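Student: Before we start, here is the structure in question, set down as structure tokens.
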Amino acid sequence: MTNPTDPNNKLSMILEFWDFLKTRKKWWLAPIVIIMLLMGSLILLTEGSAVAPFIYTLF
């Protein structure tokens, strides 16, 4: 098993967040974080593209 506190581990932030959710029983945070990550990736992927006007109609 990887050590979540190892600074050289690229997945350390994700593993630390997962450990936080398991330990503190804060499962209500998971959907919020997932939605925020999806929205951020949508913004990054569609920035400056021809799809941008269609994204604005969704919101």
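The values are calculated or read from the model by the stated rules, or taken from the named source; none is laboratory data. Note that the structure is a prediction, hence the values are computed from the model and not measured. Every residue, glycine among them, receives a Cβ derived from its backbone with ideal geometry; neighbour counts consider all protein chains shown.
Student: Need pairs with beta-carbon distance below 9 Å; first residue at positive phi and within the range 20-40, second part of a helix (DSSP H, G or I) and not hydroxyl-bearing (Ser, Thr, Tyr); sequence gap 6+ or separate chains.
Tutor: none
Student: Can I ask one more? Considering only the chain, give the helices (runs of 4 or more DSSP H) lying wholly within it that have at least 1 residues that are at pLDDT 85 or above.
Tutor: Counting at least 1 such residues, we get 12-24, 29-46.
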